[in-house]
1. State the extension gain, in nm to one decimal, for the chain segment bounded by ASP293 and ASP419, taking 0.36 nm per residue of separation less the distance between their alpha-carbons.
2. Based solely on its DSSP helices, what 222 nm [θ] is calculated for the chain when runs of n ≥ 4 H residues each add -39,500 (n - 2.57) and the sum is averaged over all residues, nearest 500 deg cm²/dmol?
3. What does the convex hull of the Cα atoms come to per residue for the stretch 155-240, in Å³?
4. When the accessible area of the stretch 318-399 is computed with all protein chains present and a 1.4 Å probe, what percentage of it is carbon and sulfur?
5. Starting from the Cα of LYS405, step 7 Å toward the Cβ, then list every residue of the stretch 452-484 with an amide N under 14 Å from that point.
6. Which shape class, rounded, prolate or oblate, goes with the stretch 457-538 when its Cα gyration tensor gives a ≥ b ≥ c as root eigenvalues, a/c under 1.5 marks rounded, and past that a/b bigger than b/c marks prolate?
7. Cα atoms only, the stretch 492-549: Rg and Dmax in Å?
8. Can you run the Rg to Rh ratio on the chain? Use alpha carbon positions and the Kirkwood inverse-distance Rh.
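The values are calculated or read from the model by the stated rules, or taken from the named source; none is laboratory data. Since the structure is predicted, the reported quantities are computational estimates derived from the model, not experimental observations. Neighbour counts run over all protein chains shown; Cβ positions are idealised from the backbone, glycine included. When the accessible area is computed, the model is the full protein with side chains, heavy atoms only, and any ligands, DNA or RNA have been set aside. Shrake-Rupley method; radii C 1.70, N 1.55, O 1.52, S 1.80 Å.
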Amino acid sequence: MKKKLLTWFLIAQSVMQLTGCGIAGQFGGTRAQDDYYEYVNEELLESIELQATDAHWDWFGELEVIADQEMDEIIRNLLEDGASYEKGSSEQKIKDLYECVSNIQNREQTGLGPLKPHMESIRNAQNIEEYVDALARLSGEFGFSSIVGGYSIMQDKMNSGRYAVYMLYADTLIGKEYMEREDTQAYTAMYFDYVKAMLEEFGMTEEEAEHSADSIEVLLRDICTSTLNTEQMYDPSLTYNAYTMEELQQLYTNINVDQMLKTLRIDGQDQYIVMDVGQAEKINSLLVEENLDALKDYSTFVMLNDTAKYGSKAFFELYESMEHALYGITEGWGDEQNWMRLTQELLPWDFGTMYVEEHFSEEDKEDVERIIARILEEYKTIIRKQDWMSEETREKAICKLETMKVKIGYPDQWPEEKDMMQVTPVSEGGSLMSNLLTSMKVSVEYSLQQLGGEVDKTEWDIMPQIVNAYYTPSNNEIVFPAAILQAPFYDHENSEGANLGGIGYVIAHEVSHAFDSNGALYDEYGNYNVWWTDEEMETYQKLSRSIVDYYNNYEIMGVRVNGELTLGENIADLGALACIVSVIGEDEEGLKDAFSQMAYNWACEDTAEYMLYLLRTDTHSPNKIRVNAVLSSCDEFYDVYGVKETDGMYVAPENRVGIWR
């Protein structure tokens with residue numbers, strides 16, 4: 001979704017450079033003691049007017065727009081230079097792929113093109129055996145997944161040094177959360193109107209499409225009743241279920257598992273991880289001849305939906321209209337911007353190498369590394385203060401900090417996938433659809449190459465031009481791509497307090513994930529291994545329960561936050577602020593700079609529809625609550641701003657929460 005606030009961005013940057021100390025003044029009429037988020041962001045939020053193309057605005061998105069525009073400029077320069085480039089070079093691939101994307105006549109003529117025979121293999125299946133074989137061939141070659149046969153090769157949670165095959169769950173389309181809630185049925189009805197329209201565009205009559213859409217809905221509702229919810233999917237005790245091939249056959253009694261695994265090219269493994277056993281049992285019960293037509297319709301729609309952005313104009317417009325209605329967007333980006341984004345999407349690492357060459361500062365990287373070292377050291381101090389942990393457990397936690405890997409900027413070696421991905425131009429018979437399938441095929445082949453080998457923990461899973469940061473439990477690592485190392489998150493002209501409240505808070509948040517409700521279950525090697533005593537786990541769960549209850553009391557638009565869904569992120573937010581405050585110590589001005597910069601960085605605006613979507617599906621609390629709820633549980637915030645019982649930000653000391661304090 002495009003955000004447009006570059007003018008304000010430049011103004012805000014000027015203000016920060018003039019003050020050199022973050023955003024610590026009162027901008028509007030709101031008191032810091034009543035609503036700190038509004039106190040810091042009031043003028044900024046009043047200046048933001050979501051464009052018709054927007055569902056959401058925040059600083060992450062704003063910086064992504066800037067990065068996208070920088071990538072767009074690369075494309076424009078290549079289109080204008082009139083030069084020919086060596087086959088396989090990033091320049092050749094970008095230039096030729098953009099032609100495939102923007103050549104609407106070619107896209108219309110191609111239609112489903114090279115995908116059509118695979119679609120027909122699903123449509124023409126005469127029985128369940130032929131249907132499952134068609135799905136397995138699609139998944140084995142391109143990675144398509146709908147009901148059964150989908151898999152992913154990832155690190156083994158029990159042994160992070162090796163790869164394992166994870167059998168994926170079904171595509172639940174609009175999702176369990178929408179399908180099962182009473183207050184979302186209008187959106188669900190809208191979605192199945194979209195299903196019907198897509199099937200009509202595929203070639204069904206209106207009557208056939210309506211019947212098929214109804215059959216898909218019945219099937220999906222049945223599947224969702226046995227599907228884990230979002231918060232459960234983060235629990236490895238529920239999602240790590242190791243099966244031998246023989247046990248997998250006992251789970252899927254209605255299909256030939258050995259044949260399916262051979263077609264997928266993942267046969268011969270000593271184990272297969274089933275991520276949602278209950279759903280797998282449900283799907284097995286549905287893989288019977290009387291459901292064959294409904295199953296074929298289901299898989300047909302999933303493929304149409306997965307490829308809609310890359311197909312004809314009609315398919316793309318149906319997909320875009322559905323997405324806009326779901327998120328409250330009233331206007332599309334327009335052709336050129338869509339073409340630019342699709343080009344970037346299919347060649348992410350090629351754009352990544354170019355981005356780093358032009359937009360990354362080694363000096364800033366060194367400064368951020370120093371901040372990371374301070375935060376890791378402070379976390380050791382915090383861990384040592386936890387009297388509910390035994391000495392042995394505290395030392396294990398400190399070992400996890402000392403062995404934590406840090407990735408900043410971009411990988412030392414670019415992934416092999418970058419060179420494996422080649423683009424065939426229109427002049428040589430290529431199309432957007434054929435190049436999409438090439439991209440998908442490359443991902444499959446690259447994954448299969450890894451299977452059976454040792455995990456290379458130096459590899460990156462994210463491109464440097466992405467504005468994000470994350471912690472990976474299986475690698476025990478924190479990752480900060482190049483694009484996030486810029487204002488407002490980091491600015492070498494800012495005060496120390498402001499940078500600690502900016503990039504420092506983001507760093508501390510990611511470090512905290514090593515000890516959140518999910519990360520705490522993994523040891524220093526990245527293995528799923530509960531290294532706590534039973535008594536410690538009981539205390540941890542009690543503290544977690546208090547955090548769940550605390551966040552359940554907050555609401556947006558009359559909808560309460562889901563404290564269970566957001567628990568891991570809330571633990572990380574609370575831990576991050578505790579760490580930053582501990583680093584700063586008693587420097588009141590430094591604390592103010594940190595508090596205000598943190599609040600400023602989480603400023604956002606959303607359409608009502610998108611906010612409701614986030615409340616139902618996002619593991620993060622809404623940004624306003626991420627600011628106010630965390631600060632209201634921080635004792636130092638009360639000291640700095642003199643918060644009293646009558647103030648809106650006040651929470652009684654006994655009700656303030658956090659695990660790492």
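1. Values: separation 126, 0.36 × 126 = 45.36 nm, distance 4.08 nm.
Contour length minus the Cα-Cα distance gives 41.3 nm.
2. On the way: 30 runs with 366 residues, N = 661.
Computed mean residue ellipticity for the chain: -17500 deg cm²/dmol.
3. Values: hull volume 9.8 nm³, N = 86.
Looking at the stretch 155-240, the number lands at 114 Å³ per residue.
4. Details: 1690 of 3880 Å².
Roughly 43 percent, rounded to a whole number.
5. Output list for this probe position: 454-462, 471-480.
6. Values: a/c = 3.89, a/b = 1.71, b/c = 2.28.
Oblate, since a/c reaches 1.5 and b/c is not below a/b.
7. 15.4, 48
8. On the way: Rg = 25.6 Å, Rh = 26.7 Å.
Ratio of gyration radius to Kirkwood radius for the chain: 0.96.
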